[in-house]
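The values are calculated or read from the model by the stated rules, or taken from the named source; none is laboratory data. From a predicted model like this one, the values you see are computed outputs, not experimental measurements. Cβ placement follows ideal geometry from the backbone for every residue including glycine, while neighbour counts extend to all protein chains displayed. To get the accessible areas, we keep the full protein, side chains included, count just its heavy atoms, and leave off ligands, DNA and RNA. Shrake-Rupley method; radii C 1.70, N 1.55, O 1.52, S 1.80 Å.
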Amino acid sequence: MTDQGAIQWDLPDPFTLDITVRDEDTDRLGHANNVVYVRWLEDVSWAHIESLGMTWDLHEATGKAMAITRTEIDYLASANAGDRLILGTWLTGYDGRLRSSRQFQLVRPADGKTLVRALSTHACVNMKTQRPSRAPREFAEILGAAVVAGGRGLPAD
(Lines give C-alpha, C1' and ligand atoms only; values in the text may rest on other atoms or scores of the structure.)
Protein backbone atom coordinates (compact mmCIF):
# COMPACT_ATOMS: atom_id res chain seq x y z
CA MET A 1 0.00 0.00 0.00
CA THR A 2 1.35 3.37 -1.03
CA ASP A 3 1.45 6.14 1.55
CA GLN A 4 -0.97 8.97 0.64
CA GLY A 5 1.97 11.38 0.66
CA ALA A 6 3.48 9.44 -2.24
CA ILE A 7 0.36 9.81 -4.42
CA GLN A 8 0.83 12.10 -7.40
CA TRP A 9 -2.09 14.43 -6.84
CA ASP A 10 -3.08 16.79 -9.65
CA LEU A 11 -3.21 19.70 -7.19
CA PRO A 12 -1.73 20.19 -3.71
CA ASP A 13 -3.41 19.25 -0.42
CA PRO A 14 -6.64 17.57 -1.49
CA PHE A 15 -9.51 16.92 0.86
CA THR A 16 -9.72 13.13 0.79
CA LEU A 17 -12.16 10.31 1.39
CA ASP A 18 -11.06 6.69 1.84
CA ILE A 19 -13.18 4.21 -0.09
CA THR A 20 -13.24 0.43 -0.21
CA VAL A 21 -15.09 -0.95 -3.23
CA ARG A 22 -17.85 -3.28 -2.05
CA ASP A 23 -19.27 -6.22 -4.01
CA GLU A 24 -22.56 -4.31 -4.40
CA ASP A 25 -20.65 -1.41 -6.00
CA THR A 26 -19.73 -3.57 -9.00
CA ASP A 27 -21.71 -4.21 -12.15
CA ARG A 28 -22.00 -7.12 -14.60
CA LEU A 29 -18.53 -6.38 -15.91
CA GLY A 30 -17.11 -6.93 -12.43
CA HIS A 31 -15.87 -3.39 -11.83
CA ALA A 32 -17.28 -0.40 -9.96
CA ASN A 33 -20.37 0.87 -11.74
CA ASN A 34 -20.40 4.41 -13.13
CA VAL A 35 -23.35 5.33 -10.88
CA VAL A 36 -21.25 4.47 -7.83
CA TYR A 37 -18.53 6.90 -8.91
CA VAL A 38 -21.12 9.70 -8.99
CA ARG A 39 -22.22 8.78 -5.45
CA TRP A 40 -18.59 8.90 -4.28
CA LEU A 41 -18.16 12.36 -5.85
CA GLU A 42 -21.22 13.57 -3.97
CA ASP A 43 -20.04 11.99 -0.71
CA VAL A 44 -16.63 13.67 -0.82
CA SER A 45 -18.16 17.00 -1.90
CA TRP A 46 -20.51 17.12 1.11
CA ALA A 47 -17.78 16.00 3.49
CA HIS A 48 -15.46 18.70 2.14
CA ILE A 49 -17.86 21.63 2.37
CA GLU A 50 -19.02 20.55 5.82
CA SER A 51 -15.39 20.46 6.97
CA LEU A 52 -15.10 24.07 5.77
CA GLY A 53 -18.10 25.14 7.86
CA MET A 54 -20.74 25.01 5.13
CA THR A 55 -22.93 22.67 7.16
CA TRP A 56 -26.49 21.60 6.46
CA ASP A 57 -27.58 23.86 9.34
CA LEU A 58 -26.07 26.82 7.46
CA HIS A 59 -27.86 25.76 4.28
CA GLU A 60 -31.16 25.64 6.14
CA ALA A 61 -30.53 28.94 7.93
CA THR A 62 -29.77 30.78 4.67
CA GLY A 63 -32.31 28.89 2.58
CA LYS A 64 -29.63 28.43 -0.08
CA ALA A 65 -27.65 25.48 -1.47
CA MET A 66 -25.12 24.81 -4.21
CA ALA A 67 -26.77 22.56 -6.81
CA ILE A 68 -24.79 20.61 -9.39
CA THR A 69 -25.24 21.95 -12.91
CA ARG A 70 -22.72 19.74 -14.72
CA THR A 71 -20.50 16.75 -14.02
CA GLU A 72 -17.75 15.64 -16.36
CA ILE A 73 -16.09 12.29 -15.59
CA ASP A 74 -13.13 10.65 -17.31
CA TYR A 75 -12.95 6.93 -16.48
CA LEU A 76 -9.27 6.07 -16.87
CA ALA A 77 -9.08 2.59 -15.29
CA SER A 78 -11.45 0.30 -13.44
CA ALA A 79 -11.81 -0.38 -9.73
CA ASN A 80 -12.77 -3.83 -8.48
CA ALA A 81 -14.40 -5.22 -5.35
CA GLY A 82 -11.97 -5.04 -2.44
CA ASP A 83 -9.87 -2.22 -3.92
CA ARG A 84 -8.93 0.50 -1.45
CA LEU A 85 -9.19 3.92 -3.06
CA ILE A 86 -8.61 7.53 -2.08
CA LEU A 87 -10.80 10.21 -3.61
CA GLY A 88 -9.35 13.71 -3.53
CA THR A 89 -11.20 16.95 -4.23
CA TRP A 90 -10.52 20.65 -4.49
CA LEU A 91 -12.67 23.75 -4.97
CA THR A 92 -11.18 25.20 -8.14
CA GLY A 93 -13.41 28.15 -8.95
CA TYR A 94 -15.88 30.59 -7.46
CA ASP A 95 -17.23 33.62 -9.28
CA GLY A 96 -18.11 35.49 -6.06
CA ARG A 97 -21.82 35.46 -6.80
CA LEU A 98 -23.47 32.30 -8.05
CA ARG A 99 -21.23 29.60 -9.50
CA SER A 100 -18.46 27.34 -8.23
CA SER A 101 -16.43 24.43 -9.58
CA ARG A 102 -14.84 21.39 -8.03
CA GLN A 103 -12.18 19.01 -9.31
CA PHE A 104 -11.74 15.34 -8.33
CA GLN A 105 -9.09 12.64 -8.63
CA LEU A 106 -9.63 9.00 -7.63
CA VAL A 107 -6.45 7.04 -6.92
CA ARG A 108 -5.73 3.42 -6.05
CA PRO A 109 -2.82 3.67 -3.57
CA ALA A 110 -1.71 0.05 -4.09
CA ASP A 111 -0.31 0.95 -7.52
CA GLY A 112 -0.60 4.76 -7.50
CA LYS A 113 -2.88 4.65 -10.54
CA THR A 114 -5.40 7.44 -11.15
CA LEU A 115 -8.70 5.76 -12.00
CA VAL A 116 -10.95 8.80 -12.47
CA ARG A 117 -10.66 12.52 -13.01
CA ALA A 118 -13.81 14.61 -12.78
CA LEU A 119 -15.04 18.19 -12.70
CA SER A 120 -18.38 19.47 -11.43
CA THR A 121 -19.91 22.90 -11.62
CA HIS A 122 -22.51 24.24 -9.21
CA ALA A 123 -24.95 27.12 -8.96
CA CYS A 124 -26.43 28.60 -5.84
CA VAL A 125 -30.17 28.05 -5.63
CA ASN A 126 -32.97 29.10 -3.34
CA MET A 127 -33.98 25.87 -1.61
CA LYS A 128 -37.71 26.71 -1.70
CA THR A 129 -37.98 27.82 -5.33
CA GLN A 130 -35.04 25.81 -6.76
CA ARG A 131 -34.22 28.91 -8.81
CA PRO A 132 -30.75 30.45 -9.13
CA SER A 133 -29.98 32.88 -6.34
CA ARG A 134 -26.98 34.92 -5.29
CA ALA A 135 -24.86 33.06 -2.75
CA PRO A 136 -25.22 34.33 0.80
CA ARG A 137 -22.27 36.11 2.38
CA GLU A 138 -21.43 33.01 4.47
CA PHE A 139 -21.12 30.84 1.34
CA ALA A 140 -19.10 33.50 -0.45
CA GLU A 141 -16.60 33.72 2.40
CA ILE A 142 -16.21 29.94 2.71
CA LEU A 143 -16.03 29.19 -1.01
CA GLY A 144 -13.81 32.14 -1.83
CA ALA A 145 -11.28 31.22 0.84
CA ALA A 146 -11.15 27.55 -0.20
CA VAL A 147 -10.44 27.92 -3.92
CA VAL A 148 -7.20 26.24 -4.97
CA ALA A 149 -5.24 27.88 -7.78
CA GLY A 150 -4.14 25.95 -10.84
CA GLY A 151 -7.15 23.69 -11.26
CA ARG A 152 -9.83 23.55 -13.88
CA GLY A 153 -12.10 26.39 -12.89
CA LEU A 154 -15.41 27.64 -14.15
CA PRO A 155 -15.96 27.46 -17.90
CA ALA A 156 -16.33 30.73 -19.75
CA ASP A 157 -19.89 31.65 -20.66
- Can you check what the net charge comes to around W90, using other residues whose Cβ is under 13 Å from the Cβ of W90 (Lys, Arg +1; Asp, Glu -1)? +1
- Could you list which residues have their amide H under 5 Å from that of L115, counting only those 5 or more apart in sequence or on another chain, with H placed in the peptide plane? L106, V107, R108
- Query: What residue among L91, L119, L11 shows peak mean-square fluctuation when the chain is described by a Gaussian network model with Cα springs under 10 Å?
  - Reply: L11
- Message: Students often get this wrong: which residues of segment 15-42 have the backbone nitrogen under 11 Å from the point 7 angstrom along Cα-to-C-beta of T71?
- Response: 34-42
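With Cβ to Cβ distances under 12 Å as the rule, what net charge do the other residues near A67 carry (K, R +1; D, E -1)?
Values: positive: K64, R70, R99, R131; negative: E42.
Local net charge: +3.
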- What's the angle, to the nearest 10 degrees (0 to 90), between helix 34-51's Cα axis and the longest principal axis of the chain? 50
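Taking 2.2 N^0.38 Å as the expected size of a compact globular protein, what ratio does the Cα radius of gyration of segment 66-154 give against it, to two decimals?
Computed over Cα atoms of segment 66-154, the ratio equals 1.27.
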- Matching label, mean projected area of the Cα convex hull in nm² computed from the structure shown, candidates (i) 12.0; (ii) 9.8; (iii) 10.6: (ii)
- Of T69, T114, T92, the most mobile residue in a GNM of the chain (C-alpha springs, cutoff 10 Å) is T69
- Note on the structure: In nm, the gap between the two label points placed 7 Å beyond Cα toward Cβ at D111 and A145 is 4.1
- Item | Folded to 0 to 90 degrees: helix 137-146 orientation relative to the chain principal axis, Cα | 40
- Message: At 1.4 Å probe radius, can you tell me the per residue accessible area of the chain in Å²?
- Response: 54
- Message: Going by amide H atoms built from the backbone, whose H comes under 5 Å of the H on M127, apart from near neighbours?
- Response: K64, A65
- Message: At a threshold of 8 angstrom on Cα-Cα distance, excluding pairs fewer than six apart, so keeping six or more, what relative contact order does the chain reach in percent?
- Response: 28
- Task: Add +1 for every Lys or Arg and -1 for every Asp or Glu among the other residues with Cβ under 11 Å from the Cβ of R108, and state the total.
- Result: 0
- Message: How large a share of the accessible area of the chain, in percent, is made up of carbon and sulfur atoms when the probe is 1.4 Å and the other protein chains stay in place?
- Response: 49
- Please get the size of the charge dipole for segment 16-59, origin at its Cα centre, with Cβ charges of +1 on Lys and Arg and -1 on Asp and Glu, quoted in debye to the nearest 20. 140
- If amide H atoms are modeled at 1.01 Å from N in the peptide plane, then the residues at a separation of 5 or more from F15, or on another chain, having amide H under 5 Å from its own are T89
